[in-house]
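S.K.: Structure in structure tokens, see below.
The values are calculated or read from the model by the stated rules, or taken from the named source; none is laboratory data. Since we're looking at a predicted model, the values are computed, not measured. No Cβ is skipped: glycine too gets one built from the backbone with ideal geometry, and neighbour counts run over all protein chains shown.
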Amino acid sequence: MAFPSAISDIIATTIQNRSGVIADNVTKNNGLLTYIKKSGNVKKFSGGNVIMQELSFAENGNASWYSGYETLPIAASDVISSSQYNIKQAAVPVTISGLEQLQNSGKEEIIDLLEGRISVGESTMNNLIAAGVYSNGTGFGGKEIDGLAQQVALVPTNITGGIDRNAAVGAFFKNYVLNTGGTAWTAATIQANLNKIWANLVRGMDHPNLVVMDSNYWQLYVAALQAQQRFASSESADSGFQVLKFMNADVILDGGIGGFMPANTVYMLNTKYLMYRPHSARNMVPLSPGKRYSVNQDAEVQILAWAGNLTASNLSLQGVGTQT
């Protein structure tokens, strides 16, 4: 049977009207994506078979000192390239049966029912992308986001962004790793470990702006601070995350109940070089065609869809610490 078009239109319109809110809430509910957004690096793309991320991999070889009329070198200097990321896709179907439509026959009742279903879909999409942000990209048969476990890897000799970091030409794309090899971090050692990671990620005025910890390391860090613990500015607190400081970087807990941070892990990140790249036409929108009916069921489905990836333009200024 075909349901009355008015009901189908209510479903489609409700999702369409909320799609921007859902997209915004995905970034707000993930600490890393919140800071990427604050860095201005939520950058939509509009097409192509891969996501191209421009990066600089070398200095201009023509730079030199000179005197008077001395000839200056003007040889071509190839210093700009790009990493390439596959487009990953995610979807959350929102369903309603014919019986539910009959039971909620008024427009207001239908909207109330859908609001609840879409809120669940929103939370589900939040969690799906939040898990992907920390993944190694192999989940769901390699369809998951290329997350931190792949890009800021504990063993950074993998291929990421199409760059083989095990090859000499790809070494510039390796992140820094501090692995204490089974020696557990404690409240007495965590600051020294963080100092070491920090020292390997500073380039002049360029330095990490975000430290993300799992629950275990967060508790150790709070214990180490003791009476010196302090929150960051009201602007940072307004992001919705409880914020501490290390050097002048914000320290946040992105573990907690249902968190996706791997245990006993800290990421020290420069979010200026990390990008969240949703497709401009597939950023939490109803998947076309809007009306989808089951052939052998009295039900209708609307699909909330997203496409994109997490990309990087510099991984040498990103670090990870652990005790495994």
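S.K.: If you take the residues of region 249-258 that are at pLDDT below 75 and at negative phi, which of them is surrounded by the most Cβ atoms within 10 Å (Cβ to Cβ)? Steps first, answer last, please.
M.R.: Residues of region 249-258 that are at pLDDT below 75, as a first pass: 255-258.
With the extra rule that they be at negative phi, the set shrinks to 255, 257.
Working: GLY255: 22, ILE257: 5.
By that ranking, first place goes to GLY255.
S.K.: If you don't mind, there's one more thing I want to ask. Among the residues of region 144-160, are any touching a Gly at 6+ places or on another chain (Cβ under 9 Å), in contact (Cβ under 8 Å) with a residue 60 or more places away in the chain, of a type in the set (Gly, Ala, Ser) and buried (at least 18 other Cβ atoms within 10 Å of the Cβ)?
M.R.: yes
S.K.: Report the residue count in region 161-192 for those that are over 15 Å from SER316 (Cβ atoms), polar (S, T, N, Q) and in contact (Cβ under 8 Å) with a residue 24 or more places away in the chain.
M.R.: 5
S.K.: Please find, within region 207-248, the residue that is modelled with the highest pLDDT out of those that are part of a loop (DSSP other than H, G, I, E, B) and aliphatic (A, V, I, L, M). Reasoning before the result, please.
M.R.: As a first pass, look at region 207-248 and keep what is part of a loop (DSSP other than H, G, I, E, B): 207-209, 214, 229-233, 238-242, 247-248.
Those left that are additionally aliphatic (A, V, I, L, M): 232, 247.
Working: ALA232: 52, MET247: 93.
Only one residue tops the list, namely MET247.
S.K.: Can you tell me which of (1) modelled with pLDDT of 75 or more; (2) under 17 Å from ASN29 (Cβ atoms) is the one THR311 doesn't meet?
M.R.: THR311 satisfies all of (1) modelled with pLDDT of 75 or more; (2) under 17 Å from ASN29 (Cβ atoms) except (2).
S.K.: I need the full set of residues from region 145-169 which are of a type outside the set (A, V, I, L, M) and under 23 Å from the mean Cα position of the chain (by Cα), in order please. Spell out how you get there, then give the answer.
M.R.: Residues of region 145-169 that are of a type outside the set (A, V, I, L, M), as a first pass: 146-147, 150-151, 156-158, 160-162, 164-166.
Matches in region 145-169: ASP146, GLY147, GLN150, GLN151, PRO156, THR157, ASN158, THR160, GLY161, GLY162, ASP164, ARG165.
S.K.: Same structure, new question: Among LEU274, LEU304, which is the only one that is touching a Ser or Thr at 6+ places or on another chain (Cβ under 9 Å), surrounded by 20 or more Cβ atoms within 10 Å (Cβ to Cβ) and modelled with pLDDT under 90?
M.R.: Values: LEU274 fails: modelled with pLDDT under 90.
That would be LEU304, the only listed residue that is touching a Ser or Thr at 6+ places or on another chain (Cβ under 9 Å), surrounded by 20 or more Cβ atoms within 10 Å (Cβ to Cβ) and modelled with pLDDT under 90.
S.K.: Check whether at least one residue in region 221-230 is charged (D, E, K, R) and in contact (Cβ under 8 Å) with a residue 24 or more places away in the chain, and report yes or no. Spell out how you get there, then give the answer.
M.R.: Pass one, region 221-230, residues charged (D, E, K, R): 230.
Still in the running and in contact (Cβ under 8 Å) with a residue 24 or more places away in the chain: none.
Within region 221-230, not a single residue is charged (D, E, K, R) and in contact (Cβ under 8 Å) with a residue 24 or more places away in the chain.
S.K.: Any chance you could count how many residues in region 56-90 are modelled with pLDDT under 65, in contact with a helix residue (DSSP H, G or I) (Cβ under 8 Å, 6 or more places away or on another chain) and either of a type in the set (A, V, I, L, M) or over 26 Å from THR160 (Cα atoms) (or both)?
M.R.: 1
S.K.: If MET261 passes every condition in (1) in a loop (DSSP other than H, G, I, E, B); (2) over 20 Å from the mean Cα position of the chain (by Cα) but one, which one does it miss?
M.R.: (2)
S.K.: Hey, another quick one. Which one of these is modelled with pLDDT of 85 or more, of a type in the set (S, T, N, Q) and under 17 Å from the mean Cα position of the chain (by Cα): ASN30, ASN49, ASN41?
M.R.: On the way: ASN30 fails: modelled with pLDDT of 85 or more; ASN49 fails: under 17 Å from the mean Cα position of the chain (by Cα).
It is ASN41.
S.K.: Answer yes or no as to whether VAL251 is more than 16 Å from the chain's Cα centre (by Cα), touching a residue at least 12 places away in the same chain (Cβ under 8 Å), under 21 Å from THR124 (Cα atoms) and in a strand (DSSP E or B).
M.R.: Working: more than 16 Å from the chain's Cα centre (by Cα): yes; touching a residue at least 12 places away in the same chain (Cβ under 8 Å): yes; under 21 Å from THR124 (Cα atoms): no; in a strand (DSSP E or B): yes.
For VAL251, the condition - more than 16 Å from the chain's Cα centre (by Cα), touching a residue at least 12 places away in the same chain (Cβ under 8 Å), under 21 Å from THR124 (Cα atoms) and in a strand (DSSP E or B) - is not met.
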